[in-house]
Amino acid sequence: MYVERYVAVAFFFERAVNEERLADGLRRALDLVPVFGGRLRAGGDALEIVCSDAGVPMTVLDVDASLSDAIREATHPDWGLIDRVDVMSEPLELRPLLTVRVCRLADGAMTLGCTWNHSVGDMGSFMQFIRVWSALVEGTTPPEVLIVDDREGYLDRVLPQEDSGQPICQPLSRDELAGRGHRMPLMREGNGTVQIYFGDDEVRRMRQLFGGESSRPLSSNDVLCAHLVTAFRGMEADPVPWNLSVPVDLRPRLGVPTEFLGNLVQSMFLPCPPMGTANVLAAHIRSGLDDFMQSHLCMRSDRAFVGPVGRSRFHRCAPVAFDPAHRTFIVTNWSRMGAYGVAFDGQYPAFFSPVVSSRAPLSWFGFLNKGFGDTGFLLTAVVPARLAEHLRSPEGRAAIHRFGDPAAERPARAALAPDVV
């Protein structure tokens, strides 16, 4: 499922870090975490990460731009913040599993852009590697890393014997294959990438106002997801049913150490009440997450389904949530991954962001992480271009920030990103 997918992120620093120390730390980090320096090898329906010491390309560029310019370009990946991997023409066995690009900026600042293949691991795995790299540059003891050779066997030991019994994927009929090739909702119009900042007080106010519908305390993720879905739905003229997809880190739920490298994430799909308000949906999200292991966990069912299908025929299947008659909004929450807690040369990031393109083949997905200097929350979302433009208008800003005054809550560092809504 992940072999063609690369994830791209960028750390932004107010002053440059010595690139020789960065490179030396990266080399030593790959000694401890060799999966990021290997290559993939496919054989039949099997896929292996081969720790071949093939290495990681690291490029260093001098760029005639300021830190503010670079932050603005986080939503325009062709600008050069990252070293992109060509999955269309480069053979699988030659593709690096991690690339690193350092941009030295004209005002003395620096960006550190990384792309990694999702087959190696999820965001939790990547950040564990970054923490190892950071510690080696800083001269401190690196954190532990758990690498298992047999991931399938490890899953067998940690997964419950029974789950919800409802696999995420389903086979496609002959007519569906002939008509579309898959059920994924192909983009029918131009996309736009927008970044929205929510202040801590704004989110706290949502939690207080929405909490009356829930018997359990609501999290920031609960209220932000509910607010985004209902706000976006209110801005759309098309009255289609909506779903929400929330990826869930299974490590704490399965008792797996945080240092485990791999993909221990499964999405929770929730139908959104047609006319439901944000407080009702927030309570629905909290109930689903609290009951996730009983009602939504399906990793064992997925493995039982995928095994007979085989990797070579997986294109004949599709996630059940991607029904063309519905709109599914995917919100991936990275706010607890500690992106602002890693230091290089004694310096912590002033800003961190996923690097996503509005030319993505899908729309209606976003990444939620902490904002400027680890304050507030920042959503980076790919939505139809018309909605992105509306969100930047005074009317759109008023609707998305109806629970707070973001201008009053923005930290000083927010001035580095003037385009953030």
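The values are calculated or read from the model by the stated rules, or taken from the named source; none is laboratory data. Every value quoted in this text rests on a predicted model; they were computed, and no experiment measured them. Note that each Cβ is placed from the backbone with ideal geometry, even for glycine, and that neighbours are counted across all protein chains shown. Ligands, DNA and RNA are excluded from the accessible area calculation, which covers all protein heavy atoms including side chains. Shrake-Rupley method; radii C 1.70, N 1.55, O 1.52, S 1.80 Å.
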Has region 326-345 got at least one residue that is at pLDDT below 95, over 15 Å from the mean Cα position of the chain (by Cα), among the charged types (D, E, K, R) and assigned to a strand (DSSP E or B)? yes
Looking at A70, A46, A29, which is the one that is touching a Cys at 6+ places or on another chain (Cβ under 7 Å), farther than 14 Å from T115 by Cα and among the hydrophobic types (A, V, I, L, M, F, W, C)? A70
Got a number for residues in region 120-138 being aliphatic (A, V, I, L, M), within 11 Å of G25 (Cβ to Cβ) and touching a helix residue (DSSP H, G or I) at 6+ places or on another chain (Cβ under 6 Å)? 3
List every residue pair whose Cβ atoms sit under 7 Å apart, with the two residues 6 or more apart in sequence or on different chains, where the first one lies in region 150-169 and is under 14 Å from L250 (Cβ atoms) and of a type in the set (S, T, Y) and the second, anywhere, is modelled with pLDDT under 90 and not in a loop (DSSP other than H, G, I, E, B). S164/S295; S164/S301
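The rows are residues; the columns are (1) surrounded by fewer than 21 Cβ atoms within 10 Å (Cβ to Cβ); (2) in contact (Cβ under 8 Å) with a residue 24 or more places away in the chain; (3) in contact with a Cys (Cβ under 7 Å, 6 or more places away or on another chain).
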site: H76; (1), (2), (3): yes, yes, no
site: M110; (1), (2), (3): no, yes, yes
site: V120; (1), (2), (3): no, yes, no
site: M123; (1), (2), (3): no, yes, no
Any hit, region 69-92, residues being assigned to a helix (DSSP H, G or I), at pLDDT below 95 and polar (S, T, N, Q): yes
Residues being assigned to a helix (DSSP H, G or I) and without any contact (Cβ under 8 Å) to a residue 24 or more places away in the chain - total across region 255-283: 0
Can you tell which of A360, A414, A407 is surrounded by fewer than 18 Cβ atoms within 10 Å (Cβ to Cβ), modelled with pLDDT under 85 and closer than 18 Å to S68 by Cβ? A407
Breaking point among (1) crowded, with 21+ Cβ neighbours inside 10 Å; (2) hydrophobic (A, V, I, L, M, F, W, C); (3) touching a Cys at 6+ places or on another chain (Cβ under 9 Å), for L61: (1)
Give me the residue from region 298-313 that is in contact with a helix residue (DSSP H, G or I) (Cβ under 8 Å, 6 or more places away or on another chain) and open to solvent by less than 40 Å² (accessible area, probe 1.4 Å) and, out of that set, modelled with the lowest pLDDT. V309
